[in-house]
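Everything on this sheet refers to the single structure shown next.
The values are calculated or read from the model by the stated rules, or taken from the named source; none is laboratory data. Nothing here was measured: the structure is a model prediction, and the numbers come from that model. Note: ideal-geometry Cβ built from the backbone for every residue, glycine included; neighbour counts use all protein chains shown.
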Amino acid sequence: MSSTALLNTAARCAYPLNMSKLAHAGDSNTASPGCATTLAARVAATTGDMPRCQTLLESAIAADPTQLQAYSLLGEVYARQGRLDAARERYEALASQQPAAIGPPTVVAILYEMQNNRTEARRRYERILQIDPSAPVASNNLAVIYAEDGGNLEVALQLAEQARRKLPDSPEVADTVGWIYVKRGLPNLAIPLLEECVRKDSRNGSFAYHLGAAYFNAGQHEKGVQTLRAAEQLTLSAADRAAVKSLVGGAR
């Protein structure tokens, strides 16, 4: 659920630019106006042209504010440049100038998440949904915050399912829905969704962790341990790595 997000698949406090992610991550909406621009941004990133990558990602978001991958990758670019504060100030100004737009305030909320200010990020996502109740990126990322921070899981599931209706091909959103099912004690509902996520992005450690936990909670301990051990070989946040270690250790 990488609250990228969206930043749902990256550690909030670790800012190295993930070139593999930039080059290979799947688009959640391949028919959207911003899709080709996001792909071009990935190419620019892999050649080391960060200014062009940034410009293209900003253009992708302007063209289509549902480009979940573009938000996540843009946040990584700003982090790599050490410009999170400056970027947030810039998008705060844009949000004030464009009160009906959801793109600029969504970037602001994501940047707050990257700086570990989840309380302010939550407020910003809630405000975005007052502007556009169906905004999928805000819906998904707010669902993650509610689920991870002890919020109402029923509301979190409603938000995640709302996002999935808008972004049905997004593995990040499917992961969010699946993980909430796991947290609600419904692992058998989660497994097909999380298997779909891993099929689409086998390099995503968060997806593998969530699937392994779902298997484990469904009583499929052998598959769970196998999947969790695979997750340990991938990039995980410190919290997810600790959770994987605990589950694997408890299975012995």
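Can you tell me which of (1) under 19 Å from L211 (Cβ atoms); (2) part of a helix (DSSP H, G or I); (3) among the charged types (D, E, K, R) is the one E126 doesn't meet?
(1)
Taking the conditions exactly as written (touching a residue at least 24 places away in the same chain (Cβ under 8 Å), surrounded by 22 or more Cβ atoms within 10 Å (Cβ to Cβ) and over 24 Å from A147 (Cβ atoms)), does A121 satisfy them or not? Can you show your working first?
Working: touching a residue at least 24 places away in the same chain (Cβ under 8 Å): yes; surrounded by 22 or more Cβ atoms within 10 Å (Cβ to Cβ): yes; over 24 Å from A147 (Cβ atoms): no.
Judged against the criteria, A121 is not a match.
For R199, indicate whether it is charged (D, E, K, R), over 18 Å from R122 (Cβ atoms), free of Cβ contacts under 8 Å to residues at least 12 places away in the same chain and in a helix (DSSP H, G or I).
Details: charged (D, E, K, R): yes; over 18 Å from R122 (Cβ atoms): yes; free of Cβ contacts under 8 Å to residues at least 12 places away in the same chain: yes; in a helix (DSSP H, G or I): yes.
When the stated conditions are applied, R199 passes them.
Can you report the number of residues in the stretch 209-232 which are among the small types (G, A, S) and under 24 Å from N116 (Cβ atoms)? Reasoning before the result, please.
First pass over the stretch 209-232, keeping only residues among the small types (G, A, S): 212-214, 218-219, 224, 230-231.
In the following step, the residues that additionally are under 24 Å from N116 (Cβ atoms) were identified as 213, 231.
Number satisfying all stated conditions: 2.
Residues to consider are T235, T176; find the one that is buried (at least 23 other Cβ atoms within 10 Å of the Cβ) and closer than 26 Å to N116 by Cβ. Walk me through it before giving the result.
On the way: T235 fails: buried (at least 23 other Cβ atoms within 10 Å of the Cβ).
Going through T235, T176 in turn, just one is buried (at least 23 other Cβ atoms within 10 Å of the Cβ) and closer than 26 Å to N116 by Cβ: T176.
Of the conditions (1) within 15 Å of E113 (Cα to Cα); (2) surrounded by fewer than 17 Cβ atoms within 10 Å (Cβ to Cβ), L73 fails just one. Which one is it?
Unmet for L73, out of (1) within 15 Å of E113 (Cα to Cα); (2) surrounded by fewer than 17 Cβ atoms within 10 Å (Cβ to Cβ): (2).
Do the conditions hold for V173, that is, is it in contact with a Phe, Trp or Tyr (Cβ under 8 Å, 6 or more places away or on another chain) and assigned by TED's automatic domain parsing to the domain that holds G82?
Details: in contact with a Phe, Trp or Tyr (Cβ under 8 Å, 6 or more places away or on another chain): no; assigned by TED's automatic domain parsing to the domain that holds G82: yes.
For V173, the condition - in contact with a Phe, Trp or Tyr (Cβ under 8 Å, 6 or more places away or on another chain) and assigned by TED's automatic domain parsing to the domain that holds G82 - is not met.
Which condition from (1) among the β-branched types (V, I, T); (2) out of contact with any Lys or Arg (no Cβ under 7 Å at 6 or more places or on another chain); (3) part of a helix (DSSP H, G or I) is the one that T235 breaks?
T235 satisfies all of (1) among the β-branched types (V, I, T); (2) out of contact with any Lys or Arg (no Cβ under 7 Å at 6 or more places or on another chain); (3) part of a helix (DSSP H, G or I) except (3).
Of the conditions (1) outside any helix (DSSP H, G or I); (2) farther than 20 Å from V177 by Cα, V248 satisfies every one except a single condition; which number is it?
(1)
Can you find even one residue in the stretch 187-202 that is among the small types (G, A, S), outside the structural domain of P65 (by TED's automatic domain parsing) and either in contact with a Cys (Cβ under 9 Å, 6 or more places away or on another chain) or surrounded by fewer than 21 Cβ atoms within 10 Å (Cβ to Cβ) (or both)?
yes
Mind listing just one residue for me: the one in the stretch 32-49 that is among the hydroxyl-bearing types (S, T, Y) and in a loop (DSSP other than H, G, I, E, B) and, of those, modelled with the lowest pLDDT? It would help to see each step written out before you state the result.
Applying the first criterion (among the hydroxyl-bearing types (S, T, Y)) to the stretch 32-49 yields 32, 37-38, 46-47.
From what's left, in a loop (DSSP other than H, G, I, E, B): 32, 47.
Details: S32: 54, T47: 85.
Here the residue is S32.
If a residue must be under 18 Å from E120 (Cβ atoms) and part of a helix (DSSP H, G or I), how many such residues does the stretch 148-158 contain?
Narrowing the stretch 148-158 to residues under 18 Å from E120 (Cβ atoms): 148-151.
Those left that are additionally part of a helix (DSSP H, G or I): 148.
Result for the stretch 148-158: 1.
If a residue has to be surrounded by fewer than 17 Cβ atoms within 10 Å (Cβ to Cβ) and touching a Phe, Trp or Tyr at 6+ places or on another chain (Cβ under 9 Å) to count, how many in the stretch 154-170 make the cut?
Summing the residues that are surrounded by fewer than 17 Cβ atoms within 10 Å (Cβ to Cβ) and touching a Phe, Trp or Tyr at 6+ places or on another chain (Cβ under 9 Å) in the stretch 154-170 gives 1.
For the stretch 50-103, which fully contained helices (runs of 4 or more DSSP H) count at least 3 residues that are of a type in the set (A, V, I, L, M) and within 19 Å of the chain's Cα centre (by Cα)?
Values: elements: 50-63, 68-80, 84-97.
So the answer is 50-63, 68-80.
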